[in-house]
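Notes follow once the structure below has been shown.
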Amino acid sequence: MKIITFDMIQNLKISPIKCYEWVLESILHKNEALLPAKISLKPDIPGVFYNTMPVILPKENLAGLKLVTRYPERNPSLDSQILLYDLPSGNNIALMDGNWITTMRTGAVAAHTIQLFALKDFSELGFIGLGNTARATLLVLASVFSERKMTIKLFKYKNQHELFAERFSSFKNLSFVYCDNYEDVVKDSDVIVSAATFFDGDICKNEFFKEGVLVVPIHTRGFTNCDLFFDKVFADDVNHVKGFKYFDQFKEFSEVSDVVNKRNPGRENDRERIIVYNIGIALHDIHFAGKIYHLINDCKEITLDPPTEKFWI
């Protein structure tokens, strides 16, 4: 069993374009995967959770499980590990850090969503919540659309907007505008990306969302009003959204994989308002983990030495 650390993964210098390609590969074969909804356990400790995310990928001869934990006082508060298995033998082939994978697959999924559902000539994007997930999203998007001029409107929070713009200062196709309120971020934007983890209610009224807008709420909060009046709602997995308050009132719903596999047309005109909920599924994590497993050669390996025959207690 390989032990694969965060530093080992980061040192591979996997490109944003490669992350985008891996996400597309995994979505194409989603219907072949055995993918139950994640299990979220919340002990009697404020803000703490343990999310268990299993998946089996028959096409790749892989199975895996990702465990995500959150402790508010920990820095960073979120942490994750991945167990990777060889499906034909059942052997545990790797234990790896899940933090880089989580960040980059989430950003690549959001970027893929924008490529798939946004207006073809989108150029004005609003970003709310400017942490690593938002950085990963723009990093992949700017790499995929490296020749497109884009205006990125950033919601001002502490100095995060300045740090965010500085991170992308070398991207000559990007220009940045700072916004004092959510309404200014939303209005006239072709795409709205929210990576904020908490909102106290919806962020702005219906009239601020222009025709043709795409909303990508990475952490789902802040846009329940959109569920009721947007033309179409998509998600990475129906089991993760069917418990939403307004699920039964969506005008039209389908999974992203249905669009990728041509079972659903996706966007059909430039007037449709679309919202896409990518809740985060182990499908992407284990696909990434399998790719990384084969890229890592020089690493520590251990053997757990399970029993080789029936034993009695």
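Computed from the coordinates by the stated procedures, all read-outs in this text should not be read as laboratory data. Values in this document were obtained by computation on a predicted structure and should not be read as measured data. Neighbour counts are summed over all protein chains in view; Cβ atoms, including those assigned to glycine, are modelled from backbone coordinates with ideal geometry.
Dividing the alpha-carbon radius of gyration of the chain by 2.2 N^0.38 Å (N being the number of residues), what value is obtained?
For the chain, the normalised Cα radius of gyration comes out at 1.03.
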Inset, instruction - At 20 °C and 1.002 mPa s, grab the translational diffusion coefficient of the range 107-277 from Stokes-Einstein with a Kirkwood Rh over Cα pairs, rounded to a whole number in µm² per second. - result: 133
Legend entry - Overall form of the range 1-114 per C-alpha gyration tensor (a/c, 1.5; a/b vs b/c): rounded
Inset, instruction - Check each of the trypsin sites (Lys or Arg not before Pro) in the range 122-201 and keep only those in coil by DSSP with at most 13 other C-beta atoms within 10 angstrom; list them in order. - result: ARG148, LYS149, LYS158, LYS172
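Calculate, in nm to one decimal, what GLN115 and GLU32 gain on full extension: separation in residues at 0.36 nm each, minus their alpha carbon distance.
Fully extending the segment from GLN115 to GLU32 adds 27.5 nm.
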Legend entry - Under 17 Å from the THR52 label point (7 Å along Cα→beta-carbon), backbone N, the range 69-111: 69-70, 80-85
Legend entry - Calculated FRET efficiency for the pair LYS300/GLU166, C-beta based, R₀ 35 Å, to 0.05: 0.45
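Out of all DSSP beta bridges with both ends in the chain, state the antiparallel percent to the nearest 5. The partial results should precede the final answer.
Numbers: 28 of 58 bridges.
Expressed as a percentage, antiparallel bridges in the chain total about 50.
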Legend entry - Those aspartates and glutamates that a straight Cα-Cα span of less than 17 Å connects to LYS300, excepting residues fewer than 8 apart in one chain: ASP7, ASP97
Inset, instruction - Below 12 Å Cα-Cα, how many Lys pairs turn up in the range 107-277? Only count pairs eight or more apart in sequence, or on different chains, if you could. - result: 5
